[in-house]
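Every read-out reported here was derived from the displayed coordinates using simple, explicitly stated rules and does not represent laboratory data. Owing to the predicted nature of the structure, the values given are computational and were not obtained by experimental measurement. Cβ coordinates were reconstructed from backbone atoms using ideal geometry, including for glycine residues, and neighbour counts include every protein chain displayed.
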Amino acid sequence: MRKPMLLCALLSVPWSEATAAAGVVMVDTGSAHSKEPVIDPVMARNAIGQGIDLTKANTKPGLRTISLDESWFVGARLETIKKQLAEQAKNGYYNASDEEVPDLSRAIAPSPVATNELDRVLEKRYSSMTAIRPKLHAEPISIHGTRLEASRFIEAATAGGWEDGVWTGLARYFEVPDLGLIKLEEIDFAASKASVSLIRELVTSDVNGRPAIAKTARTPNGRTLVSVAWMTDSMSYSLMLQPLRPDRIHENQNSLEALARRLGR
């Protein structure tokens, strides 16, 4: 059975019940047994507390473009996103809290050993692409001829939803010389019958003709995350970079966007 999902492109990580990838957030919206997506009342109440009105969400499967004011962001959350957009445009980065900027170095930490059959079935982290491929819904995007191909592969992890015994998404982690730690994530939102809304004001770049969200977040302690996210009619992709040289704002963003345009070529 498929479990309906709601997918939204936004500037900052919105709330704890969402799974964030650079500029793309997936939210579970209902029962796998219902013919139409249903928003769980408890989730809706929790979301309002975080500045998200899920009743404004379009849950019809597929990709669409909306304005920020048409989105389900409300109150202080909406004003924060507008402020971050202005900071990004002015400085090339925006200020974010520690909670909004994940630490990619955690990917290097050893994975726990599966102790029972259920853990082995639902295992999400793998040390090789050979091991994870049978768990995936689709063949991953090629990194042939890119900087990632020549870089140290750290690990791969399943992502997205669990559909017919396989996962609809994949995250790969790399250590790229002279650049930093990179996470490449891809999710087949069409396979999960997801609703995808691309917020017009957040689109600042393109990847091979596809609208893209390029941004850099920086915390008070200096931790920096550079990202670019883009979508096709069926797939969501994102690259996240924890740079070795956070001060190279434009160079880091340009390098990541150049890498995005080389993927799958």
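So, with +1 on the Cβ of K and R and -1 on the Cβ of D and E, and no other charges, what is the size of the charge dipole of segment 111-265 about its Cα centre, to the nearest 20 debye?
Details: 20 positive and 19 negative charges, 76 e Å.
Value, rounded to 20: 360 debye.
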**OP:** With 18 Å as the limit, write out which pairs from K82/K215; K60/K124; K60/K83 have Cα-Cα distances beyond it, or answer none.
**Re:** K60/K124; K60/K83
Original post:
From the residues L225, G264, L198, which one has its Cα farthest along the dipole of segment 177-265 in the positive direction, the dipole being from +1 and -1 charges on Cβ of Lys/Arg and Asp/Glu about the Cα centre?
Top reply: L225
Subject >> segment 174-229 versus segment 146-163: alpha-carbon centroid distance in Å >> reply: 15
